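As structure tokens, the structure follows; a few thoughts come after it.
Values quoted throughout were computed directly from the atomic coordinates according to the rules given, and no laboratory measurement underlies them. Quick caveat: nothing in here was measured; it's all calculated off a predicted structure. Counting neighbours? That spans all protein chains shown, and the Cβs are built from the backbone with ideal geometry, glycine included.
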Amino acid sequence: MRSGLTGNPKPSAIAKLETFDLARYLDLDIGAYGTDDSVRPNLVPIAQHRAATRTGHTYTRETTYIIGDTVSDVEAALKGGAQAISIASGKTTVADLHGAGASIVFAHLTEVDLKKAICAT
């Protein structure tokens, strides 16, 4: 089950995903958005609950991954009850992301094989 989680309002998140033809990879009805709660770590259990309601499975820190490119993304994952996978694609460095507690850090987006990374954790 692939769900989304973002601080953006749902319509903005969908528009961004559709721009890059990524919306088709996610079940956007079970995502969590900035309009659900303004505190980003609180979005993790919202998405976990929605996914559990849809699938009947329990989603825990061990089975929930947040993928992001900032220290704030890592903090939201860890405080919210998920593992953090990070990509140093912006101003944040690999060292910053490791220091924040990300489980896995990629230096470049071209290195990313998320399926392999998630299976390795």
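A few remarks follow.
- Inter-label distance, nm, simple model (7 Å from Cα along the C-beta direction), Leu109/Ser38: 3.0 nm
- Normalised by 2.2 N^0.38 Å, where N is the number of residues, the C-alpha radius of gyration of the chain stands at 1.01.
- Folded to 0 to 90 degrees: helix 43-55 orientation relative to the chain principal axis, Cα: 50 degrees
- Once the Cα-Cα distance is subtracted from the 0.36 nm per residue extended length, the Phe20 to Lys91 segment shows a gain of 23.4 nm.
- With the charge dipole of the chain set up from +1 on Lys and Arg Cβ and -1 on Asp and Glu Cβ about the Cα centre, the Cα lying farthest toward the positive end among the listed residues Gln83, Thr63, Ala15 is that of Thr63.
- For the chain, the dipole from Cβ point charges (+1 on Lys and Arg, -1 on Asp and Glu) about the Cα centre works out to 180 debye, to the nearest 20.
- Rounded to whole numbers, the Karplus 3J(HN,Hα) couplings from phi for the range 73-87 are 5, 4, 4, 4, 4, 5, 6, x, x, 9, 8, 10, 10, 10, 10 Hz, using 6.51 cos²θ - 1.76 cosθ + 1.60 with θ = phi - 60°, and x at Gly and Pro.
- Kirkwood Rh (inverse of mean 1/r, distinct Cα pairs), the range 45-93, angstrom: 11.4 Å
- Linear extension gain, Arg2 paired with Glu62, 0.36 nm per residue minus alpha-carbon span: 20.1 nm
- Close amide H contacts of Tyr65 (hydrogens built in the peptide plane, cut-off under 5 Å, sequence separation of 5 or more or a different chain): Gln83.
- Proximity of backbone amide H atoms, modeled 1.01 Å from N, is registered between Ala32 and Gly4, Leu5, Thr6 at under 5 Å, excluding neighbours fewer than 5 places apart on the same chain.
- Relative contact order (%) - criterion: Cα under 8 Å, at least six apart; region: the range 44-105: 29 percent
- Convex hull volume of the Cα atoms of the range 1-59, normalised per residue: 65 Å³.
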